[in-house]
Amino acid sequence: MKYGVIGVGAIGGYYGSKLAYSGQEVHFLSHSDYEFVKERGMQVDSCDGSFHLKQVNVYQYPKDMPKCDVVIVGLKTTNNHLLPELLPPLLHKHTVVVLIQNGIGVEADVQQMFPDVPLIGGLAFICSAKTEPGRVNHQCYGSINLANYSCKDEVTFEIILKDFTDAGIPAASVPYDEARWKKAVWNMPFNGMTVALNTRTDLLLKNPSTRQLIRDLMMEVVEASRALGISGVDEAFVEKMIDMTDSMTPYSPSMKLDFDFHRPMEIHYLYTRPIEIARAAGYRMHKLEMLEAELRFLSV
């Protein structure tokens, strides 16, 4: 399989580099650090073993890239308006696009842009950051769930899953709606709260008041998923996410890094869309609505 990666940040840079290091043919589209990566390659500093890619297939413009069998989109959703320009040069008739992005409703909107392109949702459970050119800092975790949104070719789906696994990436196939809402159980409380209170995940859980608030926010996501008739998102999963975060390296989520570096925050798909979807199903996420309002205030 020939892979393309759009968005060579903490997520696309990590998973794309892991695939390339395992021997897969991977082509990276990179604007900000194109010259650096072309000259010096990619460095992944990882808790699972660091490595360096000396020779990287890196491009500054999508028109210069080859057609790919699989395109991994690691862009922030705030840049999805660029996809009509970035994606088409990489697509052939059977290209599958894997959206490793945060939030609810992402695949539906991208499918409207590209009605005939098979889409897979990528749900990454990873602590990773990229704060300098050509270097990804992978702190802990690193698994990915692949949720089939519109890929009818089951054989291709299984090949992609195996390629990730063979690259040393724990990967599993999961139901789409359950996977997206399970990811929201962690994303919606921790991303916004670290920004609103200017803190880290571990400090939120060490304080009894904010620990309870995190649990309350997670339960709002659980109740929203129940209103939508989605199974598998329950209180036991909330406790699992809290326990996991307790054992996690002190961490600033992607939204906190975006805020700190004065980049646009992914408020729409992380908050606005799920809140709207839940409200349409008859459930109000009152505390998360307040958090969304605070984030919109801070984003001005």
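The values are calculated or read from the model by the stated rules, or taken from the named source; none is laboratory data. Given the structure is predicted, the values throughout are model-derived calculations rather than measurements. Neighbour counts run over all protein chains shown; Cβ positions are idealised from the backbone, glycine included. Areas reflect the complete protein model, heavy atoms only, side chains present, ligands, DNA and RNA absent. Shrake-Rupley method; radii C 1.70, N 1.55, O 1.52, S 1.80 Å.
Descriptive notes on the structure:
- Residues being outside any loop (DSSP other than H, G, I, E, B) and touching a helix residue (DSSP H, G or I) at 6+ places or on another chain (Cβ under 7 Å) - total across the range 99-108: 2
- LYS38 in contact with a helix residue (DSSP H, G or I) (Cβ under 6 Å, 6 or more places away or on another chain), of a type outside the set (A, V, I, L, M, F, W, C), free of Cβ contacts under 8 Å to residues at least 40 places away in the same chain and open to solvent by 10 Å² or more (accessible area, probe 1.4 Å): no
- Of residues in the range 1-11 being out of contact with any Leu (no Cβ under 6 Å at 6 or more places or on another chain) and buried (at least 24 other Cβ atoms within 10 Å of the Cβ), the one modelled with the highest pLDDT: VAL5
- Total residues in the range 12-34, condition loosely packed, with under 15 Cβ neighbours inside 10 Å and touching a strand residue (DSSP E or B) at 6+ places or on another chain (Cβ under 9 Å): 1
- Number of residues in the range 12-34 that are outside any strand (DSSP E or B) and touching a Leu at 6+ places or on another chain (Cβ under 8 Å): the value is 4.
- The range 102-123 - residue that is among the polar types (S, T, N, Q) and in contact (Cβ under 8 Å) with a residue 24 or more places away in the chain and, of those, surrounded by the fewest Cβ atoms within 10 Å (Cβ to Cβ): GLN111
- Tallying residues that are under 20 Å from VAL106 (Cβ atoms), open to solvent by less than 20 Å² (accessible area, probe 1.4 Å) and part of a loop (DSSP other than H, G, I, E, B) within the range 132-163 yields 1.
- Residue-level check: of (1) in contact (Cβ under 8 Å) with a residue 24 or more places away in the chain; (2) part of a helix (DSSP H, G or I); (3) under 24 Å from LYS76 (Cα atoms); (4) not acidic (Asp, Glu), PRO264 misses just (2).
- Applying the criterion of being within 20 Å of the chain's Cα centre (by Cα) and aliphatic (A, V, I, L, M) to the residues of the range 236-256, the residue that is modelled with the lowest pLDDT is MET248.
- Some residue of the range 74-96 being closer than 24 Å to TRP186 by Cα, assigned to a strand (DSSP E or B) and in contact with a Leu (Cβ under 8 Å, 6 or more places away or on another chain): no
- Given (1) modelled with pLDDT of 95 or more; (2) open to solvent by 30 Å² or more (accessible area, probe 1.4 Å); (3) part of a loop (DSSP other than H, G, I, E, B), number of the condition CYS68 does not satisfy: (2)
- Residue in the range 85-101 that is open to solvent by 50 Å² or more (accessible area, probe 1.4 Å) and aliphatic (A, V, I, L, M) present: no
- Just one residue in the set ALA179, ALA171, ALA196, ALA184 is within 18 Å of the chain's Cα centre (by Cα), of a type outside the set (Asp, Glu) and open to solvent by 20 Å² or more (accessible area, probe 1.4 Å); that residue is ALA171.
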